[in-house]
Each structure stands twice: as structure tokens, then as C-alpha cells.
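Only the coordinates and a few stated rules stand behind these numbers; no lab work does. Model, not experiment: these values are computed from the prediction. Cβ: placed from backbone, ideal geometry, glycine included. Neighbour counts: every protein chain shown.
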Amino acid sequence: MMHYSKNASSLEGSATLQLTALAASMKAAGKDIVSLTAGQPDFRTPKAAIDAAERAMAQGKTLYTPNLGINELREAVASRWNAKHSQNYKIENTMVSCGAKHSIANLLEAAVNPGDRVLLPKPYWVSYPEMVKRLGGICVYPESESMLLSGDDIRKAAAAGATGLVFNSPCNPSGLVNSMEMVKDIAAAVRETGIWVISDDIYEDLYFGQGNVPHILAADPGLVDQVALVSGVSKTYAMTGWRIGFAIANPQWIKIAGRIQAHTTSNPCSISQYASVAVVNGEAEEDREYMFNAFRRRRDLICDLLKGVSGIEFQRPEGAFYVYPRIKADTPVDSALFCNALLEEAGLGVIPGSAFGTEGYIRLSFAASDDDIAEAVKRLNEFLERGDFR
């Protein structure tokens, strides 16, 4: 009998992908399903990206590229994120990968040794713990019950031996955003402890507050060598399937992460890279603004509708395209059982909070049409009123 890796076998599957696929398969089978599971824009990729991809194919740019990505895209990323963060990034600070998830995985593998303790926010995106565990690292979580990470959480974790941190604001799954006051304290804690940071900024362009989303490097630009940034084109430009993400970090971190990528995927898709050059260089800003305004309006719609739902409480999201209600009940709610019953009995697909480390919550994506959002909230309310889940 074959023996498999104990470490790999211990990893959990992605609940978000599994439930999204299940809801889609039920709908394809003819069942009346409304799904708010997807963590992706429901818009078409901008024409500028498609045109650039077609030109690349016509010009024969369909071969291997440098494993760190094509120079045109790396330089465009350095330029755009210099403008965002008033830094002086060069091409050697950048790396292009097969999506932001791949960028995070590469950076973690370059930084984490077996037994290293890595602080993760809670709620966390489903893949953070599995990525750390895959490397033999130890996941640690904030001691506080707050939905947002604080500077004191970092200080306590570092005092207990944590060497790194994954930070995510706007947050998936909650859509919550750390205030600048909170981010300044986080930056101070990072400087005090010397902890490294991977800042998952994939939702940075979906911030519904004033100005730019509060960022560690805005609070303390001098942390540039300690903080790696991760972003990409997927959420901002409706390009999830193109699989292009970016890592921006000190050159040594990028160099090591690049070696890892060289021995795994070699390089991201050449055509997708050329498509991404177009949008990073600003050729799809009208599309970006249109999608942003649509998401902001949908955020307002779903929040207004959820106010009329008994049996839940939630905080208004300030970013991304998720809202994260808690199910109110006399006894703790098993969110996975709740979501399975909601899908089977009410035809509504959402993601359980247990997938994100916070039991009793559900994640609703408002990357959906107005009609689907309204129908979803109606089905949720009717299901809660029946009370069968208790």
C-alpha cells in the first residue's frame, strides 16, 4: 500500500471552492439555486486586457517567459506601487506569479522554517493556515476576540516566539478595514518586534472609505524591507481566471521566492502577463471605476436588506465584496451544518464561518446581481424565521 505525505494529507480542502462548485453543480442540475459564495467579480474582463492578450498571441508571445515574469509587467508593477506607497521599488523588488495566492505561497515558503510560528488574523482567509502548515510552520492567532488585528496582538505573539505575520485589510471574509490609527500601532509593533509581514492587499482597490486604504507602509515607510506586498489583477479588473498576482518585497526575499517558483510553475502564463500589462498601466481605469461603483452600491443594497433580517448581526463592510453576519442563537451554531441546510432546503449558497476560523458566522458575497442579492436575503430571512437549524 502506498504511503502518502502526512503533512500534505493533513491539509484541509478549500471550503470556498468546494461550496461554490457544489452550488454551481446543483444549479446546473436544474435546481433553483442562488449563490453568494463566489469570491470573484461577476463582470467581464476589460477589453484592454483582451486586446493586449490577442496582440500577444498574434505576435507569437506564447513561449516560456523569465520565471519572475516579463520585464514589462514587473516594471509596470514597480511604477504603479511606487505611486501607491511613495517608495522606490525597482524591477528586482517585483515578481509575477500564478495569482495572488501563489505569490503568498512563494513568499511564505521563502520565509518559514519548520517550527516557525506565524501570526494569522482571525477571521482568516481559508488558505493562510494550510499554507503555513504545509511548510511545517505553526499557526498562532490573536488572543483578543476582535475581528481586526491590533498592535498588541503582534507584540504578544512575537513575545511568544512568532517570527512572521500575514496581514489582510480589507479583510476576506469580513470586509472590515483597519483604521489608520490601528495600522500605525501595527506598524509600531512590527518595528519593535522585527517580525516580517506579508500584507495581502488583493482588495486594496475595493476600499469604500475616503482616500487610500490605511497601509503599514503609509504608517511607517521605513518598514519597506520588512514588509512584502501581495496584489494582482483578479479582484480589481475581473481577471480571476487569468491567474496573475504580484509580490513586491526586498530583493533577497524575491530572489528566494523566485527560485521556488522556478522549480514549481516555471513562470506565469505569458499571454496573461501581457494582458495584465495593459491594466496595470492604466488602460482599463474606466472599467475599474465602473466595477468599484457597482460594488459600493451593492454593498449598500445588501446591508440595507440585511437590516431587516431577524436572527443575525453584522458589521458594515468597508472594503472587498463580502459581508459577514453572525447567526444569533441561544446555543452555538455549527456554521457548516447551517450552510448545508441553507443550500439544500432554501437553495441559497453561502460560506460557513468555520472555514475562516470563526464559528457561528456566514460569509455572503455581494459580487452578484441586484436581483440575486435581494432573493438571497429573502431566502436567508425565511430560513432563519423557520428556525430549523437550532
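Residues in segment 186-236 that are out of contact with any Phe, Trp or Tyr (no Cβ under 8 Å at 6 or more places or on another chain) and part of a strand (DSSP E or B) were compared, and the one that is nearest to Ala160 (Cα to Cα) is Trp196. Annotation note: Cβ proximity below 7 Å between a residue of segment 348-375 that is among the basic types (Lys, Arg) and a residue that is buried (at least 19 other Cβ atoms within 10 Å of the Cβ) and part of a loop (DSSP other than H, G, I, E, B) (sequence gap 6+ or interchain) occurs for Arg363/Pro173; Arg363/Tyr324; Arg363/Val350.
Hey, can you tell me all the residues within segment 122-137 that are touching a strand residue (DSSP E or B) at 6+ places or on another chain (Cβ under 7 Å) and not in a loop (DSSP other than H, G, I, E, B)? Residues satisfying the conditions are Tyr128, Pro129, Val132, Lys133. Among residues of segment 315-340 that are under 17 Å from Asn381 (Cβ atoms), those with a Cβ under 6 angstrom from a residue that is assigned to a helix (DSSP H, G or I), sequence gap 6+ or separate chain, pair up as Val323/Ile302.
Listed here are the residues, each with its yes/no results for (1) within 22 Å of the chain's Cα centre (by Cα); (2) over 29 Å from Glu72 (Cβ atoms).
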residue: Ala247; (1), (2): yes, no
residue: Gly258; (1), (2): yes, no
residue: Tyr274; (1), (2): no, no
residue: Val279; (1), (2): yes, no
residue: Leu305; (1), (2): no, yes
residue: Ser310; (1), (2): no, yes
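Counting the residues of segment 341-354 that are of a type in the set (A, V, I, L, M, F, W, C) and assigned to a helix (DSSP H, G or I) gives 4. Looking across segment 355-378, the residues that are in a helix (DSSP H, G or I) and surrounded by fewer than 19 Cβ atoms within 10 Å (Cβ to Cβ) come down to Asp370, Asp371, Asp372, Ala374, Glu375, Lys378. Among the residues of segment 81-121, those that are in a loop (DSSP other than H, G, I, E, B) and surrounded by 20 or more Cβ atoms within 10 Å (Cβ to Cβ) comprise Tyr89, Cys98, Gly99, Val112, Leu120, Pro121. Can you name the number of the only condition in (1) in contact (Cβ under 8 Å) with a residue 40 or more places away in the chain; (2) in a loop (DSSP other than H, G, I, E, B); (3) under 14 Å from Thr193 (Cβ atoms) that Leu149 fails? In the conditions (1) in contact (Cβ under 8 Å) with a residue 40 or more places away in the chain; (2) in a loop (DSSP other than H, G, I, E, B); (3) under 14 Å from Thr193 (Cβ atoms), Leu149 misses (1) alone.
Mind counting the residues in segment 296-336 that are under 21 Å from Asn212 (Cα atoms), in a strand (DSSP E or B) and not hydroxyl-bearing (Ser, Thr, Tyr)?
2
Among the residues of segment 31-63, the one identified as in a loop (DSSP other than H, G, I, E, B), more than 30 Å from Trp125 (Cα to Cα) and charged (D, E, K, R) is Lys61.
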